[in-house]
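The values are calculated or read from the model by the stated rules, or taken from the named source; none is laboratory data. Keep in mind that this is a model prediction, so the values were computed, not measured. We place every Cβ from the backbone using ideal geometry, glycine too, and count neighbours over all the protein chains shown.
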Amino acid sequence: MLLDQTSLMLAIGFSGAALGVTLFIAWLSARSEQFLFRLAIGVVALVCGVAIFSGYREDYSVGRHFLGFMFVLLGFCMAWNSARHFRTGSARFAPTAVMALGVVAATGVPFAMGYDGLGAIVANILCTGVLVATAVELWRARGEAPVPILVTAALYCTGAISFFLCAVALVIEGDMVLPGAPANWAEEINAIVSIFAMSGIGALSLALHQSRLARRHASEAMTDPLTGLLNRRALFDRFGQEPLSGPIAVLLCDLDHFKSINDIHGHATGDDVLRQFAATLRQLVGTAGVPARLGGEEFAVVLRGTGTPQAAALGERIRATFADCGLETLAGPVTCTVSIGVAACEQPADGFEALLGQADAALYAAKRDGRNRVAVRNLQLVA
């Protein structure tokens, strides 16, 4: 052996312990990222298994060999659970518990019969399978951050290969009952790969965590928390930073007598009305436009590739649909209407803010003429 196996095991144990603490601390800073906490639990279980393996060369026993594999398998099952939670946002422990009981039981049977060589082969093959399953879960989530996720999946596959090689080496040696702790070329490769794979997976998991937090903060900065629509800043970032290409239309919407709803029924009911109108916009606008809440009871919809007739027709559908909506409250049903100003042009010359100003003028006309109506501003702006 070129390297001391016990030293390699100690290196894995210390690096794993440091990684587990780091993952746990990172999870404490953002507890919504449960995948870090679950991975930390898996790493702790792996460290326990490595601690058992690191000392069993001088004091080998079948029971100790099985106990080490049990912790390693439990750790890998938690890593699978962590990857599944990363992909789906929620992962129940029941499937993980079933997987863990299955792999531990399958490993325990040959060990209980005294065939520790066969038990080690089975355990290494099961480790291979769980690691590949973990890599597959990450592969399915690759759309979120392709490069780091694919590298992490590759590291899990590399670890899987090293465990498979351990099984192959034991099969080649042919000992179903081991004279002592396994010591061969595959075990050495497995230990070296484990050090690098564990370090890489830990670093990349932390990087994915930070990347996800950054995207979440950016999304929160651009989203209205009450309705989930884009906010004013996001709308101007999207359309106000560069020249517009026509045709384009803007619908500016303002809920009628909204202050009286807050005064009579309370702000909670007012918030429900705002959410209901946002839902109406999502339903009717769909992917044809970009709805946003500008503030208070004022909303806007930007429609690319849309002329005045189509924009006015959509505004009328929004007005009629919302007027027919009834919100049930403890004090009885609450109805609300909306006034909409429409501005559209083929080739806008003065930019988004000017177009929004034209829609505001149309909205003012709708309010002046009695509310609960759509007013259109006919534009003749040419670039």
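Residues that are of a type in the set (Phe, Trp, Tyr) and under 18 Å from CYS48 (Cβ atoms) number at least 1 in the following helices (runs of 4 or more DSSP H) confined to segment 61-160: 62-88, 93-112. Scanning segment 88-133 for residues being surrounded by fewer than 19 Cβ atoms within 10 Å (Cβ to Cβ), farther than 30 Å from GLY180 by Cα and not hydrophobic (A, V, I, L, M, F, W, C) gives a total of 5. Could you tell me whether VAL104 is in contact (Cβ under 8 Å) with a residue 24 or more places away in the chain, closer than 24 Å to GLN34 by Cα and in the same structural domain as MET176 (by TED's automatic domain parsing)? So VAL104 does not fit the description; no. The residue that is surrounded by the fewest Cβ atoms within 10 Å (Cβ to Cβ), counting only those in segment 146-196 that are among the aromatic types (Phe, Trp, Tyr) and under 24 Å from THR134 (Cα atoms), is PHE196. Kindly check whether there is at least one residue in segment 122-137 that is small (Gly, Ala, Ser), at pLDDT 95 or above, within 20 Å of TRP185 (Cα to Cα) and out of contact with any Lys or Arg (no Cβ under 9 Å at 6 or more places or on another chain). Within segment 122-137, one or more residues are small (Gly, Ala, Ser), at pLDDT 95 or above, within 20 Å of TRP185 (Cα to Cα) and out of contact with any Lys or Arg (no Cβ under 9 Å at 6 or more places or on another chain).
Considering only residues that are surrounded by 12 or more Cβ atoms within 10 Å (Cβ to Cβ) and more than 19 Å from GLY296 (Cβ to Cβ), which ones fall in segment 221-243? Those that are surrounded by 12 or more Cβ atoms within 10 Å (Cβ to Cβ) and more than 19 Å from GLY296 (Cβ to Cβ): ASP237, ARG238, PHE239, GLY240.
When the test is whether a residue is outside any strand (DSSP E or B), of a type in the set (Gly, Ala, Ser), surrounded by 14 or more Cβ atoms within 10 Å (Cβ to Cβ) and at pLDDT 90 or above, ALA354 does not pass it. For GLU328, are the conditions met, namely being closer than 23 Å to ASP237 by Cβ, under 37 Å from the mean Cα position of the chain (by Cα) and at pLDDT below 90? No, not satisfied.
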